[in-house]
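The values are calculated or read from the model by the stated rules, or taken from the named source; none is laboratory data. If you're wondering where the values come from, they're calculated on a predicted model, not measured in any experiment. Cβ coordinates were reconstructed from backbone atoms using ideal geometry, including for glycine residues, and neighbour counts include every protein chain displayed.
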């Protein structure tokens, strides 16, 4: 990527970096206040979370995710460390992950020295495994799994006794009328073997806090919690206080989702005018698109306009004719990027 970044920096108006999904909008002030108020924190934090945080996570899981039945919750130090270490914590031997996917699913399997296989959405074609990753809405594609697809995955889990870890970090960001749903809502109270992974990084602009949670099968979470306790994987108390505040308010999350939706509405038509076809992009913080050419050719074209995006093959070989364009930039930068693309498309 470095040569393309250098190329983009040569643009007269400077570079607009749309290659990373890192938030740029402020952390809400009431969350900052909760963090600051707990800054005198001399004691070790509680691995399972404070009583207040546990109550907030449970309430959020029930009211926002639609979780029913017997379930437990656990805070994690961001979602990436959980994704990377879950196969090791569960002593997984065979791990499945989507063909086009966040690279850490594969890296986590490699850390655990587990066999790893990329699979299509249709669970009826999956081989036996002891851990399978699901990602809905997807990073990078923004694809939303349908209820029938999630039911098929649950059926697979029941038949094979495979643990299903559903990464749902972008659930809060629908791009249109299609609403993402949690696998735990589809499970309708039978959460055996199921975990849902959620993050506050984008929902609440807390990427720098490292704040996330898992929800699901109480037996699995008890096993994960025991390992994390001895491994020192404890969320700092000030961050736990911030999480409690963040999970207790949906209005700021809705406002943030609206910001990303508006940025998509500005950038998408510009890319389409330049010959890009959108694929999926039904939710999340990215546009997944193609011009039918190699991803590096599209990256080069954008870099000549001072815009940096991500080549699709970073997410698997099947993505080598696509690019991922992040919406995690200011309104001004998104508008400028759209203007540059439209000018080039004339």
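Would you confirm whether any residue within segment 114-131 is closer than 25 Å to residue 247 by Cα, in a helix (DSSP H, G or I) and either at pLDDT 95 or above or touching a helix residue (DSSP H, G or I) at 6+ places or on another chain (Cβ under 6 Å) (or both)? First the steps, then the outcome.
Initial filter on segment 114-131 (closer than 25 Å to residue 247 by Cα): none.
No: segment 114-131 contains no residue that is closer than 25 Å to residue 247 by Cα, in a helix (DSSP H, G or I) and either at pLDDT 95 or above or touching a helix residue (DSSP H, G or I) at 6+ places or on another chain (Cβ under 6 Å) (or both).
Quick one: is residue 29 modelled with pLDDT of 95 or more, out of contact with any strand residue (DSSP E or B) (no Cβ under 8 Å at 6 or more places or on another chain) and farther than 30 Å from residue 187 by Cβ? Step through it out loud before you land on a result.
Values: modelled with pLDDT of 95 or more: yes; out of contact with any strand residue (DSSP E or B) (no Cβ under 8 Å at 6 or more places or on another chain): yes; farther than 30 Å from residue 187 by Cβ: yes.
Taking the combined requirement at face value, the residue satisfies it.
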Within segment 41-57, residues being surrounded by fewer than 22 Cβ atoms within 10 Å (Cβ to Cβ), in contact with a strand residue (DSSP E or B) (Cβ under 7 Å, 6 or more places away or on another chain) and within 27 Å of residue 105 (Cβ to Cβ) number 1
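Which helices (runs of 4 or more DSSP H) sit wholly inside segment 236-346 and have at least 3 residues that are closer than 30 Å to residue 213 by Cβ? Explain how you work it out, then say what you get.
Details: elements: 237-247, 251-273, 295-303, 331-345.
The qualifying helices (runs of 4 or more DSSP H) are 237-247, 251-273.
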So, residue 321, is that one touching a strand residue (DSSP E or B) at 6+ places or on another chain (Cβ under 7 Å), surrounded by 15 or more Cβ atoms within 10 Å (Cβ to Cβ) and not assigned by TED's automatic domain parsing to the domain that holds residue 145 or not?
yes
Looking for something part of a helix (DSSP H, G or I), assigned by TED's automatic domain parsing to the domain that holds residue 147, within 29 Å of residue 148 (Cα to Cα) and out of contact with any strand residue (DSSP E or B) (no Cβ under 9 Å at 6 or more places or on another chain) - is there at least one such residue anywhere in segment 186-195?
yes
